[in-house]
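Colleague: Sharing a structure with you now.
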Amino acid sequence: MKETPDYEKDIASIRSMMERSVKFISLSGLSGILAGIYALTGASVAYYLVYYPSSPFGFRFHYIDEQVVLIKLIGIAALVLLFSIGTGYFLSLQKAKKLGTTVWNHASKQLLKDLFIPLVAGGLFILILLSRGNYIIVSSASLVFYGVALINASRNTYHEVQYLGYTEIVLGLVAAMMPGYGLIFWSLGFGLMHIVYGTIMYFRYDK
């Protein structure tokens, strides 16, 4: 009677070890929430630079034509990215210690590799758009390429990342069909969706 529970425990332990070796399970839900907050904060500053005191619900491309404003917007996006990456790494490191694993392993290396190509391609594409003054689809392009990167990397981590990727792509495509509302969709994709995703991940895997 005692051998069966012990056998089941051994199977569960082996399964857990295999999952940790092939999937990056140190992603922190809290980092997703904070990344969303950073994005919404950045979007608020961008709104002030581009639209204030007018409403963001309209076609306001000509304001972004000012070189100073464009540089500030790029700086805001860069800060949001740096804070998000830094927070994600720190919290993933803490979670990895709690799980008794390492944040830098085969799964995390493969995860970064799968993220790298779509993100770099998307970043270069956006830089080309900016250099030619095609600001109208920058927000859409960033959402679509980010979504593709998430889907591509989801096989190495939690499956919820894949659904976040699909959501980002859909928002990006809708944004492309509704020019002039880029900041709104950017806020939804990188802000609100990250908070929703992070909250789900936190209560499902971090608690």
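Colleague: Could you list, in sequence order, all residues of region 75-115 that are of a type in the set (Gly, Ala, Ser) and farther than 16 Å from residue 33 by Cβ?
Modeller: From region 75-115, those of a type in the set (Gly, Ala, Ser) are 75, 77-78, 84, 86, 88, 92, 96, 100, 107-108; that's our starting set.
Answer for region 75-115, where residues must be of a type in the set (Gly, Ala, Ser) and farther than 16 Å from residue 33 by Cβ: 75, 77, 78, 96, 100, 107, 108.
Colleague: Working only within region 166-185, note down all residues that are under 22 Å from residue 28 (Cα atoms) and crowded, with 21+ Cβ neighbours inside 10 Å. Give the steps one after another, and end with the answer.
Modeller: Quick first cut of region 166-185, residues under 22 Å from residue 28 (Cα atoms) only: 166-168.
If the condition is that a residue be under 22 Å from residue 28 (Cα atoms) and crowded, with 21+ Cβ neighbours inside 10 Å, then 168 is the only one that fits.
Colleague: Considering only region 154-184, how many residues are part of a helix (DSSP H, G or I), at pLDDT below 95 and more than 14 Å from the chain's Cα centre (by Cα)?
Modeller: Matching residues across region 154-184 total 8.
Colleague: Turning to a different aspect of this structure: Of the residues in region 121-141, how many are loosely packed, with under 15 Cβ neighbours inside 10 Å and of a type in the set (S, T, N, Q)?
Modeller: Residues in region 121-141 being loosely packed, with under 15 Cβ neighbours inside 10 Å and of a type in the set (S, T, N, Q): 2 in total.
Colleague: Now for a separate question. State which residue is surrounded by the fewest Cβ atoms within 10 Å (Cβ to Cβ) when the search covers only region 29-51 and only residues that are more than 19 Å from residue 70 (Cβ to Cβ) and β-branched (Val, Ile, Thr).
Modeller: Per the criteria, the residue is 41.
This table checks each residue for (1) modelled with pLDDT of 90 or more; (2) part of a helix (DSSP H, G or I); (3) β-branched (Val, Ile, Thr); (4) at positive phi.
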site: 80; (1), (2), (3), (4): yes, yes, yes, no
site: 94; (1), (2), (3), (4): no, yes, no, no
site: 101; (1), (2), (3), (4): no, no, yes, no
site: 115; (1), (2), (3), (4): no, yes, no, no
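The values are calculated or read from the model by the stated rules, or taken from the named source; none is laboratory data. Computed from a predicted structure; not experimentally measured. Heads up, the Cβs are rebuilt from the backbone with ideal geometry, glycines too, and the neighbour counts pull from every protein chain shown.
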